[in-house]
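Following: one structure in structure tokens, then a few remarks.
The values are calculated or read from the model by the stated rules, or taken from the named source; none is laboratory data. In this text the structure is predicted, and so the values were computed from the model without any measurement. Because the Cβ atoms are built from the backbone with ideal geometry, glycine has one as well, and the counts that use them run over all protein chains shown. Surface areas here come from the heavy atoms of the whole protein model, side chains and all, with no ligands, DNA or RNA. Shrake-Rupley method; radii C 1.70, N 1.55, O 1.52, S 1.80 Å.
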Amino acid sequence: MTAAVRPRHGEARAALLAAAVEVIRSKGLHATTVDDLCVAAGVTKGAFFHHFASKEDLAVTAADYWSQSTGALFAAAPFHDCEDPTDRVFGYLDFRASLISGAPADYTCLVGTMAQEAFETSPAVRDACAASIFGHAETLEADLAGALSEANIDSDLSAASLARHTQVVLQGAFVLSKAANDPAVVLEAIEHLRRYLECVLGRSAGCEH
């Protein structure tokens with residue numbers, strides 16, 4: 001959206017949040033200015049400050065917006081159609097891989113990007129990003145718990161820790177992918193994660209979705 005097509009007043013907040021996702025993933029949080037966001041959203045600075053007290057305030061809200069929008073995307077993903085929890089775990093990885101295309105700004109994580117920059121300088125942004133990342137990990141716990149149960153895993157390995165590990169791999173892959181400017185880095189990491197989970201769970205996926 002450009003400044004030439006301005007949203008109505010009631011749409012300005014949504015336009016600014018959508019712009020934040022795109023601009024911050026491309027430029028980073030610190031380099032993104034209020035002017036950048038207003039231009040991308042097609043709104044005035046007055047509209048910005050009507051809805052957000054500061055860029056930090058917008059970033060905190062954008063983290064929640066990211067959680068809601070990506071949460072809806074993953075909730076509707078086809079891997080949920082698999083009856084077996086292990087198949088759903090591997091289906092999640094397949095779905096993740098299907099999202100990797102284009103430039104790093106197109107497929108990397110908004111909250112991961114902001115957390116790397118703001119973990120010390122803005123506790124509010126850091127905490128909002130943590131809630132988003134760990135909240136997404138929690139959505140994987142039920143399927144991982146079911147998969148571990150099916151595999152009769154008798155160890156201190158918990159579904160929660162394994163869910164967090166999936167995000168460690170993905171977020172790390174996003175960083176390396178940015179450094180290499182290459183989406184293949186993320187796809188490679190997902191395949192390694194798949195091999196690891198196959199070893200842990202003792203099987204591969206069998207569900208067609």
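Taking residues in the stretch 126-154 that are at pLDDT 95 or above, and partners anywhere that are basic (Lys, Arg) and open to solvent by 20 Å² or more (accessible area, probe 1.4 Å), the pairs with Cβ atoms closer than 7 Å and at least 6 places apart or on different chains are 137/164; 143/88. Restricting attention to the stretch 153-169, the residues being in a helix (DSSP H, G or I), among the aliphatic types (A, V, I, L, M) and open to solvent by less than 70 Å² (accessible area, probe 1.4 Å) number 5. Residue-level check: of (1) open to solvent by less than 50 Å² (accessible area, probe 1.4 Å); (2) part of a loop (DSSP other than H, G, I, E, B), residue 182 misses just (1).
Considering only the stretch 98-152, state which residues are under 12 Å from the mean Cα position of the chain (by Cα), surrounded by fewer than 19 Cβ atoms within 10 Å (Cβ to Cβ) and in a loop (DSSP other than H, G, I, E, B). If the condition is that a residue be under 12 Å from the mean Cα position of the chain (by Cα), surrounded by fewer than 19 Cβ atoms within 10 Å (Cβ to Cβ) and in a loop (DSSP other than H, G, I, E, B), then 99 is the only one that fits. Contact annotation: residue pairs with Cβ atoms under 6 Å, 6 or more positions apart or on different chains, pairing a residue in the stretch 76-98 that is farther than 18 Å from residue 186 by Cβ with a partner that is among the small types (Gly, Ala, Ser) and open to solvent by 10 Å² or more (accessible area, probe 1.4 Å), are 85/146; 87/205; 87/206.
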